[in-house]
Structure formats: C-alpha cells, structure tokens
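Bear in mind these aren't lab numbers, they're just calculated from the coordinates by the rules spelled out. Just so you know, these numbers come straight off a predicted model, no measurement behind them. All Cβ positions, glycine included, derive from the backbone under ideal geometry; neighbour counts span all protein chains shown.
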Amino acid sequence: MQTSRVIAAACVLAAALVSCAGSKPQSGPAWNEPEPEHQSGYDPLTKPVTLSAAPPPETLGEVKIDLEWLECATDGECVVVETECCRYMAVNKAHFGDARTALPYSSCDMLCPTNIMTRCVDGRCTAAAP
C-alpha cells in the first residue's frame, strides 16, 4: 500500500515536470551563445601570441643579520622564518621580531610546507630541509 503511494507521487511529480518543460519561451541566448551586447568588436585570436620576458624583480639590497639572532642553547629556543618562496632561516625565538622586520617576506607561504623542524647545532639555530 505504501509503495503504491510513493509510485503515484513520483508519477504526479514527473507529469508536472514534463508539462512545465518547454512551455515558456526562452528569454535570452543559450548558455553557449554570446550575449548580443558582446557580439560587436569580438576579435578572436587566430595568430600565435608572442611572449616577452618580464624584467627581473628589484633587489632589496643587502640584508644585515645580527649573529645574536642565531645563537641558542637548546632546540626549543629556535623558530623558523620564511624569507623567500619556501626558503627558511632559523632564528632564536627571542629575536623573531627583529629578524621578521629585517628579512624579506615570502609571497607564496600557502604553497610551502609548514612543519619545518629547527635544531640548535653547535650553538646556532638551523632549519632542517623539508
């Protein structure tokens, strides 16, 4: 009994969809047709495109790093700073702010690994390669 009600409801719904489909005229162009206001002046590319090399980015000049930023006694004192796209430098946590203001920022940090290990090796903070 329940199955017949479900089948009947599905038939009524299908009939309603079929009777509504195509009953209204289309108000504009189809999805794959250009809009009329954009048809004028359209000039498709028919020839190869020639690319030219972009000028190299400006150099920031010399960055002065205080060796005190790198000094450490334990691994826990070190933290990593991303200086260029996926290039890292390990510094002492106490000098993180100084290093961050002096070193250039990276523009692609979302693409780089984030779990960079740091160690204190011979009294200097070092970053392990990812």
Seminar exercise, completed: The answer for Arg124, listing residues at least 5 apart or on another chain whose modeled amide H is closer than 5 Å to its amide H, is Cys72
For this session: Quickly work out the Glu84-to-Ala102 label distance, labels modelled 7 Å from Cα along the C-beta direction, and quote it in nm with one decimal.
Result: 1.8 nm
Problem set entry | Estimated inter-spin distance, Ala94 and Asp66, nm [label 7 Å along Cα→Cβ] | 1.1 nm
